[in-house]
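Right, one structure below, let's go through it.
The values are calculated or read from the model by the stated rules, or taken from the named source; none is laboratory data. In this text, all values refer to a predicted model and were calculated from it rather than measured experimentally. No Cβ is skipped: glycine too gets one built from the backbone with ideal geometry, and neighbour counts run over all protein chains shown.
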């Protein structure tokens, strides 16, 4: 799988987009081997805490990559309160939400991201983004997204045809084949309900 880069992140920081990366709109800045990474400058990290973006992003992100420049941060945020807010948020990310947080100097960031991209294989499917389920209907859709070859658009097509997971599980091969999905996706959708658990 190649590295994927969000189009807004690429526009804001083109120097942090490796040459072979695929740029596309995403709710997260980078995807590397299914690891979803949100990039932040130190100032943006603080701002995202204040406007609560951080917690929405944490529903998707596996890790946060923070370009930390202490002197620059002190120039813009010289107050002790700013550090207290950031330390509290970092504790919540690490302890409560089990997220990885990586601090690097800005001067190292380009080399680090390029190094991640260089370790990628060149084949793979686009990443699928799941949000934390807010109800059972969302949880059911997330279950479909766990099936190999089922994309977000594919799950939407399935939901247009079937009303419940039970209907999908009870569908015969002909009904599944009639879906406008790629053949591997249809095969997996039919087989998943018949796979032995042990």
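Output yes when any residue across the stretch 136-143 is within 30 Å of residue 9 (Cβ to Cβ), assigned to a helix (DSSP H, G or I) and either at pLDDT 90 or above or more than 20 Å from the chain's Cα centre (by Cα) (or both), and no when none is. No; the residues of the stretch 136-143 include none that is within 30 Å of residue 9 (Cβ to Cβ), assigned to a helix (DSSP H, G or I) and either at pLDDT 90 or above or more than 20 Å from the chain's Cα centre (by Cα) (or both).
Tally the residues that are without any contact (Cβ under 8 Å) to a residue 24 or more places away in the chain and part of a helix (DSSP H, G or I), restricting the search to the stretch 33-56. Break it down stepwise before answering.
Residues of the stretch 33-56 that are without any contact (Cβ under 8 Å) to a residue 24 or more places away in the chain, as a first pass: 44, 47-48, 51-53, 55-56.
Narrowing further to those that are part of a helix (DSSP H, G or I): 44, 47-48, 53, 55-56.
Number of matching residues: 6.
Can residue 175 be described as at pLDDT 90 or above, part of a helix (DSSP H, G or I) and not assigned by TED's automatic domain parsing to the domain that holds residue 54?
Taking the combined requirement at face value, the residue satisfies it.
Just so you know, in the stretch 18-32 the residues that are in contact with a helix residue (DSSP H, G or I) (Cβ under 6 Å, 6 or more places away or on another chain) and either without any contact (Cβ under 8 Å) to a residue 40 or more places away in the chain or assigned to a helix (DSSP H, G or I) (or both) include one that is farthest from residue 54 (Cα to Cα), and it is 23.
For (1) in the same structural domain as residue 142 (by TED's automatic domain parsing); (2) at pLDDT 90 or above; (3) out of contact with any strand residue (DSSP E or B) (no Cβ under 8 Å at 6 or more places or on another chain); (4) within 29 Å of residue 119 (Cα to Cα), each residue gets a yes or a no:
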{"position": "52", "(1), (2), (3), (4)": "no, yes, yes, no"}
{"position": "57", "(1), (2), (3), (4)": "no, yes, no, yes"}
{"position": "65", "(1), (2), (3), (4)": "no, yes, no, yes"}
{"position": "71", "(1), (2), (3), (4)": "no, no, yes, no"}
{"position": "75", "(1), (2), (3), (4)": "no, no, yes, no"}
{"position": "85", "(1), (2), (3), (4)": "no, no, yes, no"}
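For the stretch 113-135, the set of residues classified as at pLDDT 85 or above and within 15 Å of residue 33 (Cβ to Cβ) consists of 113, 115, 116, 117, listed by residue number.
For first residues located in the stretch 142-158 and assigned by TED's automatic domain parsing to the domain that holds residue 34, partners that are assigned to a loop (DSSP other than H, G, I, E, B) and lie 6+ apart or on another chain with Cβ distances below 6 Å do not occur. For the stretch 1-21, a residue qualifies if it is crowded, with 16+ Cβ neighbours inside 10 Å and either within 16 Å of residue 107 (Cα to Cα) or under 15 Å from the mean Cα position of the chain (by Cα) (or both), and the qualifying residues are 1, 2, 3, 4, 5, 6, 9, 13, 16, 17, 18. Note on the stretch 87-116: residues that are assigned to a strand (DSSP E or B) and either exposed (fewer than 12 other Cβ atoms within 10 Å of the Cβ) or under 20 Å from the mean Cα position of the chain (by Cα) (or both) total 4.
Residue count for the stretch 147-172 satisfying the condition of being under 27 Å from residue 31 (Cα atoms) and either modelled with pLDDT of 85 or more or in contact with a helix residue (DSSP H, G or I) (Cβ under 9 Å, 6 or more places away or on another chain) (or both): 12.
Checking residue 3 against (1) farther than 20 Å from residue 149 by Cα; (2) touching a strand residue (DSSP E or B) at 6+ places or on another chain (Cβ under 7 Å); (3) touching a residue at least 40 places away in the same chain (Cβ under 8 Å), which single condition isn't satisfied? Checking residue 3 against (1) farther than 20 Å from residue 149 by Cα; (2) touching a strand residue (DSSP E or B) at 6+ places or on another chain (Cβ under 7 Å); (3) touching a residue at least 40 places away in the same chain (Cβ under 8 Å), the one that fails is (1). Contact map, the stretch 163-176: residues that are in contact (Cβ under 8 Å) with a residue 12 or more places away in the chain paired with residues that are assigned to a helix (DSSP H, G or I), Cβ distance under 6 Å, separation 6+ or inter-chain. Pairs shown: 165/140; 169/193; 173/190; 176/186; 176/189; 176/190.
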